[in-house]
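Each value in this text was obtained by applying a stated rule to the coordinates, not by laboratory testing. On a predicted model such as this, the values are computed, not experimentally measured, just so you know. Counting neighbours? That spans all protein chains shown, and the Cβs are built from the backbone with ideal geometry, glycine included.
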């Protein structure tokens, strides 16, 4: 029997400063890469917000940044981007 990795897709609106950004970064980093394929997707942080992408870099995580995910979300763009992201997995 072939051992397949469990695929995990985490989506967060933005990696702006705060607990949720830290949480998804640490969760993505903390999983065993032999058992899990973990992908982090995030939106674009606005110029008025602090950016925590440096923490992802520190742990070697390369989030997929979708520019349509921003503070002002269009539900149609959001759903389309989710579809495109899932299709890549």
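For the reader, a short list of remarks on this structure follows.
- Scanning the stretch 1-33 for residues that are in a loop (DSSP other than H, G, I, E, B) and exposed (fewer than 13 other Cβ atoms within 10 Å of the Cβ) returns 1, 2, 3, 4, 18, 32, 33.
- Single condition residue 89 does not satisfy, out of (1) under 11 Å from the mean Cα position of the chain (by Cα); (2) exposed (fewer than 13 other Cβ atoms within 10 Å of the Cβ); (3) touching a residue at least 60 places away in the same chain (Cβ under 8 Å): (1)
- Subset of the stretch 34-55 that is out of contact with any strand residue (DSSP E or B) (no Cβ under 7 Å at 6 or more places or on another chain) and not in a loop (DSSP other than H, G, I, E, B) - its residue that is surrounded by the fewest Cβ atoms within 10 Å (Cβ to Cβ): 54
- Options 9, 27, 40: the member that is closer than 22 Å to residue 89 by Cα and in contact with a helix residue (DSSP H, G or I) (Cβ under 6 Å, 6 or more places away or on another chain): 40
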